[in-house]
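The values are calculated or read from the model by the stated rules, or taken from the named source; none is laboratory data. Remember, predicted model here, so these are calculated numbers, not experimental data. Cβ atoms come from the backbone with ideal geometry, glycine included; neighbour counts cover every protein chain shown.
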Amino acid sequence: MHQPTDRPSAPRRRLGVMGGTFDPIHHGHLVAASEVAASFDLDEVIFVPTGQPWQKTGRDVSPAEDRYLMTVIATASNPRFSVSRVDIDRRKPTYTVDTLRDLSKQYPDAELYFITGADALGSILSWQDWQTLFDLARFVGVSRPGYDLHAEHLAPHLDELPAEAVSLVEIPALAISSTDCRRRARENRPVWYLVPDGVVQYISKRRLYRTNTHLDGDPVPVFDGNTPGTIERKSTQ
């Protein structure tokens with residue numbers, strides 16, 4: 001009698017998870033996500049705006065819905081990018097371990113790659129339930145402008161982590177930061193080409209990061225942009 005043969009199992013989907021405040025999201029975030037997706041052959045990168053970021057308690061953070069919508073706008077043109085509300089809909093401070101647990105439940109057959117700044121890995125041993133993190137995802141540290149991937153202060157921390165749990169990726173140096181984008185907007189200086197065009201328009205329309213007038217007293221211009229009803233089509237629950 002012919003014995004049935006086992007069918008080869010389908011390869012697990014590889015999902016990147018890029019968490020961040022995204023206040024605002026900028027081209028540096030998008031380049032990093034794209035580079036990691038190519039390097040690790042990811043099927044998709046899920047951007048996860050933080051809800052109540054515990055690291056940012058010392059400064060004002062824009063409303064979660066604004067940060068979420070800016071992220072949707074910024075990622076809408078890339079079919080490999082999507083945005084999740086998993087953190088902003090959580091009614092408590094955001095911790096990476098909670099994010100990964102929730103996404104593991106949503107995508108039980110996927111292999112998760114958590115994308116973070118390489119400098120953040122230096123403090124990973126202080127993160128909530130850090131020992132559990134590496135059971136949930138592989139970590140990819142991306143370099144920021146001027147950051148040494150082989151910095152001496154990072155090496156001791158990496159030595160304490162599970163083997164092959166962390167990879168470091170060199171990203172084309174884009175000297176862009178959310179802090180600088182907020183400062184420029186607050187000073188009524190342009191942020192064109194630092195953030196995606198739709199995000200520039202959203203910042204202006206919502207008057208984020210600045211007063212309601214230009215330095216010369218003229219009203220802040222309001223650009224026509226996508227409305228929430230038309231830009232939420234790519235979001236994931």
Is the range 22-41 home to any residue that is part of a loop (DSSP other than H, G, I, E, B), farther than 29 Å from V191 by Cα and touching a Gly at 6+ places or on another chain (Cβ under 8 Å)?
yes
Some residue of the range 220-237 being within 30 Å of Q131 (Cβ to Cβ) and modelled with pLDDT under 85
yes
Members of the range 6-21 that are in a strand (DSSP E or B) and more than 14 Å from V142 (Cβ to Cβ)
R13, R14, L15
Please state which one of P196, P190 is modelled with pLDDT of 90 or more and surrounded by fewer than 16 Cβ atoms within 10 Å (Cβ to Cβ).
P190
Take Q106 and decide whether it is surrounded by fewer than 23 Cβ atoms within 10 Å (Cβ to Cβ) and either touching a Gly at 6+ places or on another chain (Cβ under 8 Å) or at pLDDT 95 or above (or both).
yes
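Inside the range 111-134, can you point out the residues that are of a type in the set (G, A, S), surrounded by fewer than 17 Cβ atoms within 10 Å (Cβ to Cβ) and assigned to a helix (DSSP H, G or I)?
A120, S123, S126
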Residue check: is V72 surrounded by 14 or more Cβ atoms within 10 Å (Cβ to Cβ), at pLDDT 95 or above and under 26 Å from V199 (Cβ atoms)?
yes
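To keep it simple, each residue is scored yes or no on (1) surrounded by 19 or more Cβ atoms within 10 Å (Cβ to Cβ); (2) modelled with pLDDT under 95; (3) touching a strand residue (DSSP E or B) at 6+ places or on another chain (Cβ under 7 Å); (4) hydrophobic (A, V, I, L, M, F, W, C).
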| position | (1), (2), (3), (4) |
| --- | --- |
| A33 | yes, no, yes, yes |
| V45 | yes, no, yes, yes |
| W54 | no, yes, yes, yes |
| T57 | no, yes, no, no |
| D60 | no, yes, no, no |
| R67 | yes, no, yes, no |
| A76 | yes, no, no, yes |
| F81 | yes, no, yes, yes |
Taking the condition of being under 18 Å from M70 (Cβ atoms) and polar (S, T, N, Q), how many residues in the range 9-33 meet it?
1
Could you please find all residues in the range 174-201 being outside any helix (DSSP H, G or I) and over 12 Å from H27 (Cβ atoms)?
E187, N188, R189, P190
